[in-house]
1. Would you confirm, using the coordinates I've provided, whether Thr25 is hydroxyl-bearing (Ser, Thr, Tyr), at pLDDT 60 or above and closer than 28 Å to Asn148 by Cβ?
2. I'd like to verify a number: residues in the range 118-127 that are free of Cβ contacts under 8 Å to residues at least 40 places away in the same chain and open to solvent by less than 80 Å² (accessible area, probe 1.4 Å), how many?
3. Could you please find all residues in the range 1-27 being free of Cβ contacts under 8 Å to residues at least 40 places away in the same chain, surrounded by fewer than 16 Cβ atoms within 10 Å (Cβ to Cβ) and part of a helix (DSSP H, G or I)?
4. Looking only at the range 30-50, decide whether some residue is more than 16 Å from the chain's Cα centre (by Cα) and outside any helix (DSSP H, G or I).
Amino acid sequence: MNVFDFAMKMETDAETYYKQLAAQTNVEGIKNIFLDLAADEHKHFQIFEAMKARTAATSMEDSKALDNARNAFAAMLAKKPQAGSIKGDLQAYEHAMKMEAQGARVYEEALAKETNPEVQNLLKRVIAEEQKHFNIIRNVYDFVNAPNEYLEWAEFSNLEEFRNFGRDVGA
């Protein structure tokens with residue numbers, strides 16, 4: 001399997017996975033974040049498909065996932081959903097973070113071997129998006145896991161940390 005076939009398989013698997021995560025949540029903001037990530041993964045698939053066919057475009061549309069995630073976190077924080085309404089499989093989010101990190105590493109290896117400057121630029125942009133996706137998933141993980149992260153005594157409470165959560169998404 002060549003690098004393009006491998007990359008296209010990774011992107012297809014990631015798209016499918018994000019769609020599954022979107023279907024499993026009943027929180028609209030988190031669902032939309034996963035659907036945006038799935039759309040980005042589909043876009044990456046198309047880029048690698050074009051590279052394989054040697055018809056790679058010299059440009060790639062900017063992802064809107066990061067801006068949409070910021071807006072979704074702001075809306076969720078304003079609504080203050082009940083802890084019971086945010087159901088999430090933390091292991092699924094951890095798996096998604098591992099997928100994004102692995103994808104970035106694979107593309108960095110491909111970048112090191114690539115000699116075409118246009119393809120190098122596209123790989124750099126895909127790597128940057130995969131890193132943003134990792135940060136978005138990390139913030140979803142932290143948001144969903146927040147109710148589990150507290151201390152019993154009020155004098156040692158870290159609740160202030162979560163009141164400002166989401167304002168620095170992707171930072």
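1. Numbers: hydroxyl-bearing (Ser, Thr, Tyr): yes; at pLDDT 60 or above: yes; closer than 28 Å to Asn148 by Cβ: yes.
Here the answer is yes, as Thr25 does meet what is asked.
2. Within the range 118-127, the first condition is being free of Cβ contacts under 8 Å to residues at least 40 places away in the same chain, and the residues that meet it are 120, 123-124, 127.
If we keep only those that are open to solvent by less than 80 Å² (accessible area, probe 1.4 Å) as well, we get 120, 123, 127.
Number of matching residues: 3.
3. Residues satisfying the conditions are Lys9, Thr12, Thr16, Gln20, Ala23.
4. No, every residue in the range 30-50 fails to be more than 16 Å from the chain's Cα centre (by Cα) and outside any helix (DSSP H, G or I).
The values are calculated or read from the model by the stated rules, or taken from the named source; none is laboratory data. Keep in mind that what you see is a predicted model, and the values were worked out from it rather than measured. So basically every Cβ, Gly included, is an ideal-geometry build from the backbone, and we count neighbours across all protein chains shown. Heavy atoms of the whole protein, side chains included, go into the accessibility calculation; ligands, DNA and RNA do not. Shrake-Rupley method; radii C 1.70, N 1.55, O 1.52, S 1.80 Å.
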